[in-house]
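Engineer: Would you mind keeping the following structure in view while I ask a few things?
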Amino acid sequence: MNAPYRPLLTQASRPLTSTVDARNEHGESLPTPIAGEHPLTLYVDKREIVTLMTLGAAPEALAIGYLRNQRLVAGIEQIAAVQVDWEAEAVAVTTVGGLDGLEQRVMGKRTVTTGCGQGTVFGELMAEIDTIALPDDAQFTQDALYGLLDAIRRNETVYKQAGAVHGCALCKGTEILMFVEDVGRHNAVDAIAGQMWLDRIDGADKVFYTTGRLTSEMVIKCAQMGIPILVSRSGLTQMGYEIAARVGLTMIGRATGKHYLLFTGQHRFRG
């Protein structure tokens, strides 16, 4: 059996933290880890698309996931290569045969979301939201939620060392399949979306966890990945709530320890 198709990829992860000197309240000098932040300009077939500010943990997956979530490519088979060059602060994506209408789609109407940093969603995504069908048979229990929150708490993270980052996780039950941190939560979710494509992971029986707030952008991206359950330790926005209800997403916010608020998609959750 042939292995699943994968584009040609660099492996250009950057160190996630660096150490600088800081002085505490007693005037003592303390070597202190800080999170990385690097500009990375995305080019598709030599056409500049966007500059992302990123931690640099998974730049290839980030580029693929950005193109996936912006609906600029329909499948991983359309991507021939993803090449990251940190000296040029660029990632070059080469497609198979080019992308029809790329210029018009990139220059079309955009919606600037409430995501921190460069969090843009092309306007056409809202027009397509009603075509998304999430599986109704996925189930999530209160015990599984508590187990997942405990696993997230125990996971070693850049946030524990340096703060200043958001984390996202792809989970199945209480198992963390993937955990990505970045300086913007939109980057973290895009990197997971890209890795899901690369590894052929279906979202239908998965749970998505984020440390960030549940905005319209986060809900749309989760729904696009086919993931029916979204959990956050933070709160939500009105548009995030309205879109989650519209697509039937199970959305749980303010989830820490033994506390949570179930907002939408109650049919999948057993308390």
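Engineer: Which of the numbered conditions does Pro4 fail, given that it passes all the others? Conditions: (1) open to solvent by less than 70 Å² (accessible area, probe 1.4 Å); (2) on the phi < 0 side of the Ramachandran plot.
Structural biologist: (1)
Engineer: Could I ask something else about it? Being open to solvent by less than 40 Å² (accessible area, probe 1.4 Å), touching a residue at least 40 places away in the same chain (Cβ under 8 Å) and within 30 Å of Tyr5 (Cα to Cα), is that true of even one residue in the stretch 159-168?
Structural biologist: The answer is yes, given that some residue of the stretch 159-168 is open to solvent by less than 40 Å² (accessible area, probe 1.4 Å), touching a residue at least 40 places away in the same chain (Cβ under 8 Å) and within 30 Å of Tyr5 (Cα to Cα).
Engineer: Taking the stretch 169-227 on its own, how many of its residues are modelled with pLDDT of 95 or more, closer than 20 Å to Thr256 by Cβ and charged (D, E, K, R)?
Structural biologist: Number of matching residues: 1.
Engineer: Here's another thing I want to ask about it. Run down Ala57, Ala80 and say which single residue is touching a helix residue (DSSP H, G or I) at 6+ places or on another chain (Cβ under 8 Å) and within 25 Å of Asp199 (Cα to Cα).
Structural biologist: Ala57
Engineer: If you don't mind, there's one more thing I want to ask. Report, ordered by the first and then the second residue, all pairs with beta carbons closer than 6 Å, sequence separation of six or more or different chains, a first member in the stretch 239-258 that is open to solvent by 10 Å² or more (accessible area, probe 1.4 Å), and a second member that is part of a loop (DSSP other than H, G, I, E, B) and of a type outside the set (A, V, I, L, M, F, W, C).
Structural biologist: Close Cβ pairs satisfying both conditions: Gly248/Gly265; Thr256/Arg233.
Engineer: Quick check on the stretch 82-139: of everything there that is of a type in the set (Lys, Arg) and modelled with pLDDT under 60, which residue is surrounded by the most Cβ atoms within 10 Å (Cβ to Cβ)?
Structural biologist: Filtering first and then ranking leaves Arg110.
Engineer: Suppose we filter the stretch 45-90 for residues that are in contact (Cβ under 8 Å) with a residue 24 or more places away in the chain and assigned to a strand (DSSP E or B); how many remain?
Structural biologist: Qualifying residue count for the region: 15.
Engineer: Quick check on the stretch 218-236: of everything there that is open to solvent by less than 50 Å² (accessible area, probe 1.4 Å) and more than 29 Å from Ala74 (Cα to Cα), which residue is nearest to the chain's Cα centre (by Cα)?
Structural biologist: The residue in question is Ser234.
Engineer: Now a separate question. Quick one: in the stretch 218-254, of everything that is touching a helix residue (DSSP H, G or I) at 6+ places or on another chain (Cβ under 6 Å) and part of a strand (DSSP E or B), which residue is nearest to Thr174 (Cα to Cα)?
Structural biologist: Ranking the candidates gives Leu230 first.
Engineer: Another question about this same structure. Can you tell me which residues in the stretch 9-35 are surrounded by 10 or more Cβ atoms within 10 Å (Cβ to Cβ) and not in a strand (DSSP E or B)?
Structural biologist: If the condition is that a residue be surrounded by 10 or more Cβ atoms within 10 Å (Cβ to Cβ) and not in a strand (DSSP E or B), then Thr10, Ala12, Ser13, Arg14, Leu16 are the ones that fit.
The values are calculated or read from the model by the stated rules, or taken from the named source; none is laboratory data. Worth saying up front: this structure is predicted, and the values here are computed from it rather than measured. For neighbour counting, all protein chains shown are included, and Cβ atoms are generated from backbone atoms with ideal geometry for every residue, glycine included. What goes into the accessible areas is simple: the full protein's heavy atoms, side chains included, and nothing from ligands, DNA or RNA. Shrake-Rupley method; radii C 1.70, N 1.55, O 1.52, S 1.80 Å.
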